Amino acid sequence: MQNKPVVATMTGDPCGIGPEVVVKSLALGDMYAACRPVVVGCTESVQSAVDQLGLKLKVRRVDSVDQAGLDPSVIDVYDTGQLDPKDITPAKANAACGLATAAWLKEMDDLALTGKVQGTIMGPINTDALKMAGKLDQVISVETGKTYLFLITGPLRVVHLTDHIPLRQVCDIIAPDLVYKALRTIHDDFTRWGIPNPRIVVAGLNAHAYGEEDKTQIAPGVEQAKAEGINVTGPSSPDSVFRWCIDGEYDVVLAMFHDQGHIAVKTWGFVGNCAMILGTPYIHMSVAHGTAFDIVGKGIASHEMILTAMRQAASLAGGRGFYREPAVA
């Protein structure tokens, strides 16, 4: 049991639905078979969510993850006192919770970098609270050419070569070396996660991948990766690659820019998807929704996204590849 990966989930801003969706996910119990789950955040906010949902689960505050996540009837909360529970203002952003959120992200990062946890998940954060606290820049984000946004929705998996960059500038930024680095990162990370020889397809930039950029800025990077034994195809028509991935012909698509990948992902399936930062030293995932102040305390928040993130993190950290729903008998 101790050999299972430890997966840490930060509740997100405690003024939002984060504690509720985390508790709902852990209450299902199946995470304990795949990993040792631990929550990072405020013990009182987790206990409040358990009480609100009427669950018969014990909430335990821990200051070490060494023995955490062993009992499905207990939610272990790594809580170092970053937040006074009195500062939680349900459905309303405040600086204290913004500061605590940033501190919990840093703690989770430290736990991962020191090898104490093998996977991390960021619950729904509130940008207003982080701005009030002056900590918005601390949220883990992508850095072009070093890390990459990776979206997963069922069989469709999309890595973004560039993210929040104006489309006019994308044409100038794409370069063979940038494409090659992304392909090398995808290959190496997927292999480490238990997906040997991952099948990668690269989306072209222009219609049918027939533009000058496709020939001179994308194709040479693909050819360099191929020469090193990476199983990659492209650049291919961007109106077809996502369907090919959905149909199981490829394991992942490398998209050239934000909307090229996001539109495909959100059209295929928004509920239950999750996001990941590719290229970090450890598995770091997050949800694609916010704190949903309008439904805080009502017990109706969907936990599907964070549950998917937990399941994916546990499976990848355990070297078992991507999580798949059990077949229905």
Suppose R0 equals 35 Å; then what is the FRET efficiency for Arg320 and Ala175 from their Cβ-Cβ distance, rounded to the nearest 0.05? 0.50
Residue among Gly261, Gly145, Gly98 with the largest mean-square fluctuation in a Gaussian network model of the chain, springs linking Cα atoms under 10 Å: Gly145
The simple spin-label model distance between Arg243 and Ser141, using points 7 Å out along Cα→Cβ, in nm, is 3.5 nm
Can you give me the distance in nm between label points at Ala33 and Asn197, each placed 7 Å from the Cα along the Cα-to-Cβ direction? 3.1 nm
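Using R₀ = 35 Å, calculate the FRET efficiency as 1/(1 + (r/R₀)^6) where r is the Cβ-Cβ separation of Asp259 and Ser64; round to 0.05.
Details: r = 43 Å, r/R0 = 1.24.
Using R0 = 35 Å, I get an efficiency of 0.20.
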Roughly how many whole Å is it from the C-alpha centroid of the stretch 151-228 to that of the stretch 65-113? 36 Å
Farthest toward the dipole's positive end in the chain, which of Cys15, Pro72, Val39, given Cβ charges of +1 (Lys, Arg) and -1 (Asp, Glu) about the Cα centre? Pro72
Please give the helix 95-113 orientation as an angle from the longest Cα principal axis of the chain, in degrees from 0 to 90, rounded to the nearest 10. 60 degrees
Which of the following values of Rg and Dmax of the Cα atoms in Å was calculated from the structure shown: (i) 23.5, 95; (ii) 17.8, 52; (iii) 20.2, 62? (iii)
Counting pairs of alpha carbon atoms under 8 Å apart in space and at least six apart in sequence, what relative contact order in percent does the chain give? 23 percent
Between Met132, Met256, Met31, where does the largest GNM mean-square fluctuation fall for the chain, given springs only between Cα atoms within less than 10 Å? Met132
Taking Cα atoms, the helix 176-192 axis meets the longest principal axis of the chain at an angle in degrees (rounded to 10) of 50 degrees
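Working out 0.36 nm times the residue gap between Ile300 and Thr216, then minus their Cα-Cα distance, what length gain in nm do you get to one decimal?
Values: separation 84, 0.36 × 84 = 30.24 nm, distance 5.08 nm.
Residue separation times 0.36 nm, minus the Cα-Cα distance, leaves 25.2 nm.
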Treating the beta-carbon of each Lys and Arg as +1 and of each Asp and Glu as -1, no other charges, what is the dipole magnitude of the chain about its Cα centre, to the nearest 20 debye? 560 debye
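Can you give the FRET efficiency to the nearest 0.05 for Thr80 and Asp163, using r as the Cβ-Cβ distance and R₀ = 41 Å?
Details: r = 32 Å, r/R0 = 0.77.
The computed FRET efficiency comes out at 0.80.
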In degrees, nearest 10, range 0 to 90: what is the angle between the Cα axis of helix 258-268 and the longest Cα principal axis of the chain? 70 degrees
Ala34: net charge of surrounding residues, Cβ under 11 Å, Lys/Arg +1, Asp/Glu -1, itself excluded? +3
At a Cα cut-off below 13 Å, give the aspartates and glutamates reachable from Lys181, other chains included and same-chain residues fewer than 8 away excluded. Glu143, Asp189, Glu223, Glu228
State the antiparallel share, in %, of DSSP beta bridges confined to the stretch 148-268, rounding to the nearest 5. 30 percent
Pairs of alpha-carbon atoms within less than 8 angstrom and 6+ residues apart define the contacts here; what relative contact order does the stretch 148-268 have, in percent? 38 percent
Taking GluC sites (Glu not before Pro) that fall in a DSSP loop and have at most 14 other Cβ atoms within 10 Å as cut points, what is the longest piece of the chain between them? 1-142
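Just so you know, all these numbers are worked out from the coordinates, no wet-lab data involved. No experiment lies behind these values; they were computed from the predicted model shown. Here Cβ is always computed from backbone atoms with ideal geometry, including for glycine, and neighbour counts include all displayed protein chains.
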